[in-house]
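Comments concern the structure below.
Here, each number is a calculation from the coordinates, and none is a lab measurement. Keep in mind it's a predicted model, so treat the numbers as computed, not measured. Every residue, glycine among them, receives a Cβ derived from its backbone with ideal geometry; neighbour counts consider all protein chains shown.
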Amino acid sequence: MCGIIGYVGNRPAQDILLSGLKRLEYRGYDSSGISVIHSEKNKISTRKSPGKIAVLESSLKKKPLSGIIGIAHSRWATHGAPTQANAHPHQDCKGGIAIVHNGIIENYASLKSSLIKEGHRFKSQTDTEVIVHLIEKFYKRIPLEEAVRKTLRLLDGSFALGVISSREPDKLIGARLGSPLIVGVGKGENFLASDVPAVLDSTKEVVFLEENELAVLTKDSLKITDLNGRPISRNSVRITWDIAHAEMQGYKHFMLKEINEQPGIIENILKMRIGPEAQVILEELEIPQAVFKKIKNISVVACGTAYHAGLVGKYILEEICKVPVNVDVSSEFRYRGLLIGQDTLVIAVSQSGETADTLAGVKEARKRGAPVLSICNVLGSSLTRESDGVIYTYAGPEIGVASTKAYTAQLAAFYLLAFYLAELKGVLSREKIASLLCELKKIPKAQEEILKNQAAIATLAKRHSHLGSFLYLGRHINYPSALEGALKLKEISYIPAEGYAAGEMKHGPIALIDEYRAVVCINPYSHVYEKMVSNIQEIRARRGKIIAIASFGDEKLKEQIKEVIYIPGCPEIFSPLLTVLPLQLIAYHIAVKRGCDVDQPRNLAKSVTVE
Ligand code: AGP
């Protein structure tokens, strides 16, 4: 996934583009570049560099680019290594057009070979470069926006584009299919960006472009059409959160800030969504109750951490709603022979709402007539537009690549959805729901309790940061917590880690146990507590280094294990909202101790908008 930003207005473009790019750095950061049209000379000047945006910034400090219209890009490489030549923006043979692109052009090879035969000279190995040469080819006889539309109709794949040309130096063109693109509407200036944080310093008025739409921006105008040139009218949306939410606010990393935001976020969600008579309020749901009543089974589709939230959702929905739930990773769901139809509710879980495999899975589900509900954190994202109904998680922008606050907000959405459906289906009375919601409302305080113990958790984590691998074990509703704990650790510290159902230990993983491996055992009081205690004894007998997550007051474990992180007691069904916090902190502090780039771990991006 890459970050795009464009500017047209009266102010110097360079610094506006750079600061917007920095707010998009979580989307991709292996190289970056900028193109600006010089006001007097009417020529495009371009600067590109491999590495982080800071490298580009220092080069521009030495030799700035001047102009009031430009585009910029931070890259997550798909085709071609992160080199200067492959960095965006890319230009045509004569350098009169520049473009930035997020997505994948699947038919680029055939397009490239015919363009080369026609005499176009390519400078990069990217798929993107074919786009600018096609525009050049068509631009000879028609205006820029027409040339862009004609080009886009030839492309297979996905794109979010920004285009400028020295022949029409007052125009900035944007277009999208399969990758997000927004327009920031300012006063005497307009913006293009992949995501909202990039424009919030200048405007809170945003227009979300939809699929197959093209926008033509000047400093005072915005025109949106489809790819055949038909005009489209679209109101702007006022963004309610401010850039401070996307800022670090004194924390060392976005991830640590977002871990600590969780109690407040859960509290807000519960305040917003639980009415005075303990009714669950899901006002943006928009799926008629009659549709829900017909549901005979549920199919959850998601990736990564969102998939783990879906696995917890399975336990929640089956226990509370008595409806069978299937959970798939999106990349499997979309290619499986799906046996779903109108009586299957498909729940797509995604923080970004832009994950390619999840979007594709939803498309497959809709083809089969299944109603689709998305649990999503980004207003107006592609997934929300592909769904029949949405439950927004309202976790605010999640900048750290490792998902934390979005995960617990997704869990909260599952609890609320389960109570909503249980009442609709007459499975649970309002009184019973009220008493469960009363317990759920205690969770933010309990999370605060855990976060008060961060220093001790950090010390414990650092004591194990030298170990070469970790095993995470959990049972029942905390089996997904084990998977999530392992993913957090591996993706930011690069230590091999795997999550396992503890009951599976004797079926293989026990062979791994020795004094060089840490085993994180998630064992709050529960109906499977004693089973976990036996697993812990088996690990102790093989000198495994155990870290236990246990309930306050659990003296039994204290006798057996030195390293115990205690969490407040709560009804078993809500425990994943608590057990995950120590797991997030263990991963964070080990990664910091190992000097890893916590917010922008290698090879990863915040949202995987390509397959
Ligand atoms: C989680 O920490 C990872 N960053 C990754 O697994 C992520 O959860 C996954 O890519 C899904 O992203 P989404 O929620 O935006 O769809």
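Observations, loosely collected:
- Amide H within-cut-off set for D597, under 5 Å, with H built and near neighbours excluded: R602
- Inverse of mean 1/r across different Cα pairs in the range 417-503, Kirkwood, Å: 15.9 Å
- Among the listed pairs K363/K531; K462/K556; K294/K488; K293/K441; K52/K117; K445/K490, a Cα-Cα separation exceeding 31 Å is found for K363/K531; K294/K488; K52/K117.
- For the range 550-592, the spread of Cα positions along each principal axis, largest first, Å: 32, 26, 10
- Simple spin-label estimate for S233 and S113 gives 4.8 nm between the two label positions (7 Å along the Cα-to-Cβ direction from each Cα).
- Summarised in one figure, the compactness ratio Rg/Rh of the range 482-570, Cα atoms and Kirkwood Rh, is 0.95.
- Relative frequency of Cα-Cα separations exceeding 42 Å in the chain, percent: 27 percent
- Placing a label point 7 Å from the Cα of R430 along the Cα-to-Cβ direction, the residues of the range 268-285 with a backbone N closer than 12 Å are 275-280.
- Relative contact order (%) - the chain, alpha-carbon pairs under 8 angstrom, separation at least six: 11 percent
- Residue-wise HN-Hα coupling along the range 226-233, computed from phi with Karplus coefficients 6.51, -1.76, 1.60 (Hz; x: Gly, Pro): 8, 6, 9, x, 6, x, 10, 9
- Theoretical ellipticity at 222 nm over the chain - DSSP helices of four or more residues, -39500 (n - 2.57) apiece, nearest 500: -11000 deg cm²/dmol
- Taking the fewest neighbouring Cβ atoms within 10 Å as the starting point, the ordered list for T408, T46, T579 is T46, T579, T408.
- Dividing the mean sequence gap of close Cα pairs (under 8 Å, 6+ apart) by how many residues the range 290-444 holds gives a relative contact order of 24 percent.
- Residue-by-residue Karplus 3J(HN,Hα) for the range 269-280, coefficients 6.51, -1.76, 1.60, Hz, glycine and proline x: 4, 5, 5, 5, 10, 10, x, x, 9, 6, 8, 8
- Folded to 0 to 90 degrees: helix 304-321 orientation relative to the chain principal axis, Cα: 50 degrees
- Computed 3J(HN,Hα) for the range 446-457, one whole-Hz value per residue from the Karplus formula 6.51 cos²θ - 1.76 cosθ + 1.60 where θ = phi - 60°, is 5, 5, 4, 4, 5, 5, 5, 9, 4, 4, 5, 5, glycine and proline marked x.
- Cα gyration tensor, the range 1-118 - rounded (a/c under 1.5), prolate or oblate: oblate
- Taking the square roots of five times each eigenvalue of the Cα gyration tensor of the range 219-288, the equivalent ellipsoid has semi-axes of 34, 25, 10 Å, listed largest first.
- Most positive-pole-ward Cα, H253, I347, S19, against dipole of the chain from beta carbon charges: S19
- Of the residues L311, L416, L345, L512, the one with the fewest other Cβ atoms within 10 Å heads the list, and the complete ranking is L512, L311, L416, L345.
- Extending 7 Å from Cα along the Cβ direction at E563 and again at K445 yields two label points whose distance is 3.2 nm.
- When only the Cβ of Lys, Arg, Asp and Glu is charged (+1, +1, -1, -1), the dipole of the range 1-92 relative to its Cα centre reaches about 200 debye.
- By definition, a body whose alpha carbon gyration tensor gives a ≥ b ≥ c is rounded when a/c is under 1.5, and the range 94-162 falls into this rounded group.
- Cα shape, the range 288-390, gyration tensor, a/c 1.5 rule: rounded
- The fewest-to-most ranking of Y479, Y500 by surrounding Cβ atoms within 10 Å reads Y500, Y479.
- Potential lengthening between E318 and Y516 on full extension [0.36 nm per residue; Cα-Cα distance subtracted]: 67.4 nm
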